[in-house]
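Take a look at the structure below.
The values are calculated or read from the model by the stated rules, or taken from the named source; none is laboratory data. In this text, all values refer to a predicted model and were calculated from it rather than measured experimentally. We place every Cβ from the backbone using ideal geometry, glycine too, and count neighbours over all the protein chains shown.
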2 protein chains.
Amino acid sequence: MHENPKRINIMEANTIYKGLEGVTVSETKVGFVDGEAGRLVYRGYNIEDLTEHSSYEEVAYLLINGHLPNAKEYQDFTQVLRKSSELSKEVVDLIWTHSESHPTSLLRTAVSLLGANDRRADHALDKDQKDMGMELVGKIPAIVSSIRRAKDGGKYVSPSPELSMAGNMLYQSTGKKPDKTSERIMDVCLMLHADHGSNASTFSSLVTISTLSDIYSALTSAIGTLKGPLHGGANEMALKLIMKIGKPENVEKVIGDMLQKKEKIMGFGHRVYKVYDPRAKILKGFAREVTQKNGKELLFQTAQKVEDTMIMKLGSKGIFPNVDFYSGMVYDSLGFHPDIFTAIFAASRASGWVARSLEYVSDNKLFRPRSSYIGERGPKEYIPIGKRN
Amino acid sequence: MHENPKRINIMEANTIYKGLEGVTVSETKVGFVDGEAGRLVYRGYNIEDLTEHSSYEEVAYLLINGHLPNAKEYQDFTQVLRKSSELSKEVVDLIWTHSESHPTSLLRTAVSLLGANDRRADHALDKDQKDMGMELVGKIPAIVSSIRRAKDGGKYVSPSPELSMAGNMLYQSTGKKPDKTSERIMDVCLMLHADHGSNASTFSSLVTISTLSDIYSALTSAIGTLKGPLHGGANEMALKLIMKIGKPENVEKVIGDMLQKKEKIMGFGHRVYKVYDPRAKILKGFAREVTQKNGKELLFQTAQKVEDTMIMKLGSKGIFPNVDFYSGMVYDSLGFHPDIFTAIFAASRASGWVARSLEYVSDNKLFRPRSSYIGERGPKEYIPIGKRN
């Protein structure tokens, strides 16, 4: 015990690290958020370079395996993804008989069901974990797209072997082959959201896998955690605010009133970034393009005015738009309904969850924190039910 | 930031609190494990008093609500439990069409499915969370029993209104009304395992609900976390060891050899208890009774000899049997197959998970720890796929 005096301090002081704010729980080589410099790095690569030159298939491989795939690795991996994006009859039936369900709850259930059907998951061995994880990276986007398709009243669409993962997400969502611009924007969205530090959903996947549970369990936990509005709901709320404001002329008054009432403006500010969120910078250009293309210019113009107003008022305090401010608008323009935004988030974060879960378990330590008992010490006397008040 | 100097120390030092060993993450009034004194306390009551006088219904109510129920509260709660222990056709179909699945994976999926079917869970409000949680306390044991029933090739059994929860667990498992002794032992097992500090599964339920996700998500995470052999598998391994040893005469040699090879003897020692685990003490008496009743005396006698041998060799170092050493034997004597032991654990721990999740979210703080990036800083140059090795 003597080699780590800080730990003893904590145990003695019995400080409560609620929410674990500021507490470092793991080391990682997967991704890095440099809040001061406004950099997001995956395995050493800048997010700007990846979104400009790469694809989600490459990025998912990079996050999980630590290097960009060579031609052979790329071919093998995309084959796994393509095969995984074809859903079984049972999963299709689950989705279509539960099209009224909350998309995130339904996704969580589908992933858990896949785990119950996979005999490799019964006693998860290292090699199997990675295989199952890579398959889930292909499976989850197909489930999300199919949930949208079912909600829209369409029939299940098998993935097309000609399309990228991003292309198939749109194709399986709508039954229509997407144009190149939409496919590209979807691809960028998937890349941008693939990994982002030690957030609650990622952390929950580490806690789950630390018992040597299987990767389906880890991702089921992550999806259930992402479902909470404190985590996955910000882009929906940002979009709704912009829609409510309606047009640029209304911005000054609405934002001014909200700030005076100290209401939170969703899509602004970030715990880590003290400068402009690099993801928002990338997404903003695509948001302009896709809203124009789909006749929703007014939405973008209103958002731009909100951004200008906010930066004028709060930019000096380090408050800038974050990725959620523009992603909702992009998904809306691609035809996704707000209630499925969180599930789309899961579709791209799946690769980060898998990468970090496998990394954690490769040098595993069971999570077993302490809680501080502040209740009655007793022993209280047991009083029979007839004599209780 | 200045009011908490210890937190700043951690952030500066960037110590890695892997597994969060020794780090206190929450305050609780639900339960207390006093390792020095060998006491387990639920809301101020000693576990010995509860298992002697109370029932699992009362204990579950106590953990969740903070006090033992009066007559009216007891009636209302048992009505909720009874109604919940009748499974829907959909859940029954899920179980019977997946009777080959790992019981814990199947339980995780069934709980997730219940959440996807419950519109209250879409946007979980405080009051609904508690109602849904109390229903889950009734639902999960019925699911576990039905999984056993399906694996045994029987048909779904509706719960009997005359029986206790423990009684119905056995009835829904076997289709036969249990004798009073078996019902009582099952009841004690449920009470003994209902809550036990801030273990990995309980912690994962807190992480999930801290995003304001719903209680189904929290328990789905907990079940997936419990599935890992580092958490839920010890009683199965202890039972297998005792069975392998076979008879008291073999104990000395087998245990001696294992200790010499520094192999871990499952069911002995505990992170918190430095004296005899109070749950093991209670369970041991019942283990003797139930093994005798079911013609498995040899199992108990072998276990007793293992205990004597271990205490002689290691008792002075604070190594004593823990609850897992005797629970496997009890479940075996009640006719449960080892592969379902972890799911039975979940059936009783459900009340602790619900109690602690509701408690945490009532004074919530989102879990968002830090990870330390030790990978390449880059920026690495993006090299096109054709030029990669």
Can you confirm whether region A:96-105 contains a residue that is touching a residue at least 12 places away in the same chain (Cβ under 8 Å), in the same structural domain as A:Glu162 (by TED's automatic domain parsing) and within 18 Å of A:Glu135 (Cβ to Cβ)?
no
So, B:Met191, is that one assigned to a helix (DSSP H, G or I), more than 14 Å from every other protein chain (Cβ to nearest Cβ) and touching a residue at least 24 places away in the same chain (Cβ under 8 Å) or not?
no
Residue identified as more than 14 Å from every other protein chain (Cβ to nearest Cβ) and either of a type outside the set (Asp, Glu) or farther than 30 Å from B:Gly232 by Cα (or both) among A:Leu206, A:Leu239
A:Leu239
Mind counting the residues in region B:371-385 that are more than 7 Å from chain A (Cβ to nearest Cβ) and more than 24 Å from A:Val33 (Cα to Cα)?
1
In region A:224-236, what residues are at the interface with another protein chain (Cβ under 9 Å from one of its Cβ atoms) and touching a Phe, Trp or Tyr at 6+ places or on another chain (Cβ under 6 Å)?
A:Gly232
Name every residue in region A:25-39 that is modelled with pLDDT of 95 or more, not in a strand (DSSP E or B) and not β-branched (Val, Ile, Thr), in order of residue number.
A:Lys29
State whether the residues of region B:246-256 include one that is surrounded by 24 or more Cβ atoms within 10 Å (Cβ to Cβ) and either at pLDDT below 95 or part of a helix (DSSP H, G or I) (or both).
no
Taking the condition among the polar types (S, T, N, Q), in contact with a helix residue (DSSP H, G or I) (Cβ under 9 Å, 6 or more places away or on another chain) and not in a loop (DSSP other than H, G, I, E, B), does B:Thr309 pass?
yes
Report yes if A:Thr342 is within 26 Å of A:Ile185 (Cα to Cα), of a type in the set (Val, Ile, Thr), in contact with a helix residue (DSSP H, G or I) (Cβ under 8 Å, 6 or more places away or on another chain) and within 14 Å of chain B (Cβ to nearest Cβ), otherwise no.
yes
Taking helices (runs of 4 or more DSSP H) that fall entirely within region B:57-149, which contain at least 2 residues that are surrounded by fewer than 16 Cβ atoms within 10 Å (Cβ to Cβ) and away from chain A (no Cβ under 14 Å)?
B:71-84
Sort out which residues of region B:153-177 are in contact with a Pro (Cβ under 6 Å, 6 or more places away or on another chain) and in a loop (DSSP other than H, G, I, E, B), and write them in order of number.
none
Mind telling me which of the residues A:Ile344, A:Ile319 ends up being within 23 Å of the chain's Cα centre (by Cα), surrounded by fewer than 24 Cβ atoms within 10 Å (Cβ to Cβ) and either part of a helix (DSSP H, G or I) or at pLDDT below 95 (or both)?
A:Ile319
If you check B:Ser357, B:Ser351, B:Ser371, B:Ser333, which single one turns out to be surrounded by 21 or more Cβ atoms within 10 Å (Cβ to Cβ), touching a helix residue (DSSP H, G or I) at 6+ places or on another chain (Cβ under 6 Å) and without any contact (Cβ under 8 Å) to a residue 60 or more places away in the chain?
B:Ser333
Return only the number of the condition from (1) assigned to a helix (DSSP H, G or I); (2) buried (at least 18 other Cβ atoms within 10 Å of the Cβ); (3) more than 7 Å from chain A (Cβ to nearest Cβ); (4) at pLDDT 95 or above that B:Ser221 does not satisfy.
(3)
Please indicate, with yes or no, whether at least one residue in region B:284-305 is touching a residue at least 60 places away in the same chain (Cβ under 8 Å), in contact with a His (Cβ under 9 Å, 6 or more places away or on another chain) and crowded, with 17+ Cβ neighbours inside 10 Å.
no
How many residues, within region A:27-56, are surrounded by fewer than 21 Cβ atoms within 10 Å (Cβ to Cβ), within 9 Å of chain B (Cβ to nearest Cβ) and out of contact with any strand residue (DSSP E or B) (no Cβ under 9 Å at 6 or more places or on another chain)?
3
Determine, yes or no, whether A:Lys274 is away from chain B (no Cβ under 13 Å), free of Cβ contacts under 8 Å to residues at least 12 places away in the same chain and charged (D, E, K, R).
no
